[in-house]
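A quick write-up on the structure given underneath.
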Amino acid sequence: WAGISVVDLAREITLGRRSPLHLAPALLHVAFTLMSQLIGVSSRFVIAMLALVPVERDGTLSDHSALQRYVRMPSTAGEAFTQAAAELYLGLAAGVAGLFLDPAAGVKLPGALGVAGVLVGAVKGSGGLMIRPMMGLLDASSKALKGIGLLCLGKRGIQGKLVRRVRPPGALEGAAMGYRERAGGIDDAVLHSMLIASWQERLPALSLQLQGDEVMDVLATRSCRLLLLTRKHVLYLRAAAPTRGLQAGNITYSVRWLLPCGKVDH
C-alpha cells in the first residue's frame, strides 16, 4: 500500500495534477498510516486468537466486540483520537471485567461442560487481565498514529471527505414499496423505469463528474446501500432516514465511492 501510494503521488506531481509542495505532507501521511497499519495488525491478530477460546461472551467488553472496533478505520483526525482514547479505557475495563465475566460465561455451558467452562474462563480471564489492556494500548497507538497521519493532510484529514447528498424518491426497498403504493400498483418494469428516471434527474447533484452521464440501472444491495450504474461510472451510495427533526422521513443518500467503468474489472 505504501509503495503504491508513493508511486501514485510521484505520478500526479509529474503530470502536474498536484503541487510539489504537497509531497512532504503526503509522505508523512503515508509513513504514519503505514506504522498505524503495522501496529494494528498485531492487536487484531492477538485479540482474534483470544476470541477463539471457547468461552466467549457478548457485549461491549467482549473480544468479538473489540475485534470489530479494531478493524474500524477512522476517516478524520478527531475520530481517530477519540477512538484511541476509547480503546485505552475499554481495554483496561475488558481486562478487569474478564476476571469475573469469563468464568460466569463458562458456567452457562450445558451439563458437565459447565465445570470445564469455569476453569477455561478463569484461565482466559487471568490471561486477559494482562493481554486485553495491552491490546487496547496497541490499538490506541495505531489509531493515534492514523490521526497524526490524517492531520498531515490538512483540512481534508480534519473534516473528512465532503459528501454531496441528494434525496431521490424510492430507491430502497421500503421507499420503493411506498412509491409502488403511491403509483397505484404499476407494473414492475414501468416502476423501475420511473425509478431510473428519478435518479437521472438528480444525477448531477451527486458529483460534478456525472454531468452528461446516463443512469442505466439502480440496485438495492442492502437495506441502506445502493448501487447506481451509469454509462460511464459505478457509484456506491449509503442511505440514511432521520427519524427526528425537519428531515424526518426523508431518505438521504451520500456517495461512498465513485469509479469510472474503465477501472472496474469485469
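When the charge dipole of the range 18-149 is built from unit charges on Cβ atoms (+1 for Lys and Arg, -1 for Asp and Glu) and taken about the Cα centre, the candidate among Leu92, Gly114, His22 whose Cα reaches farthest toward its positive end is His22.
Over the range 26-113, give the accessible area per residue in Å² for a 1.4 Å probe, as an integer. Walk me through the numbers on the way to the answer.
On the way: 4650 Å² over 88 residues.
Using a 1.4 Å probe on heavy atoms only, each residue of the range 26-113 averages 53 Å².
Computed with a 1.4 Å probe on the full set of protein chains, the accessible area for Cys152 sits at about 30 Å². Amide H to amide H, with H built 1.01 Å from N, Lys232 comes under 5 Å of Glu214, counting only residues 5 or more places away or on other chains.
For the range 213-219, the Karplus equation 6.51 cos²θ - 1.76 cosθ + 1.60, evaluated at θ = phi - 60°, returns couplings of 7, 10, 6, 9, 7, 10, 10 Hz by residue, with Gly and Pro reported as x. What does the charge add up to near Arg256, with Lys and Arg as +1, Asp and Glu as -1, over the other residues with Cβ less than 9 Å from its Cβ? So the surrounding residues net to +2. Stretching the chain fully between Leu191 and Gln211 yields a gain of 4.8 nm (0.36 nm per residue, less the alpha carbon separation). Nonpolar atom fraction for the range 1-134, defined as the carbon and sulfur part of the 1.4 Å probe accessible area, stands at 75 percent.
Coupling constants for the range 193-210 follow from the phi torsions by the Karplus curve (6.51 cos²θ - 1.76 cosθ + 1.60, θ = phi - 60°), and in residue order they are 5, 5, 5, 4, 5, 5, 6, 4, 5, 9, 4, x, 6, 6, 6, 5, 5, 8 Hz; glycine and proline get x.
Where does the charge balance sit around Gly212 when Lys and Arg score +1, Asp and Glu -1, over other residues with C-beta under 11 Å from its C-beta? If you can, show how the numbers build up before the last one.
Details: positive: Arg231, Lys232; negative: Asp213, Glu214.
Within the 11 Å Cβ shell, the charges total 0.
Provide the net charge surrounding Ala140, with neighbours chosen by a C-beta distance below 15 Å and charges set as Lys +1, Arg +1, Asp -1, Glu -1. Here the count lands on +3.
The values are calculated or read from the model by the stated rules, or taken from the named source; none is laboratory data. This structure is a prediction, so every number in the text was calculated from the model and none was measured. We place every Cβ from the backbone using ideal geometry, glycine too, and count neighbours over all the protein chains shown. With ligands, DNA and RNA removed, areas are computed over all heavy atoms of the protein, side chains included. Shrake-Rupley method; radii C 1.70, N 1.55, O 1.52, S 1.80 Å.
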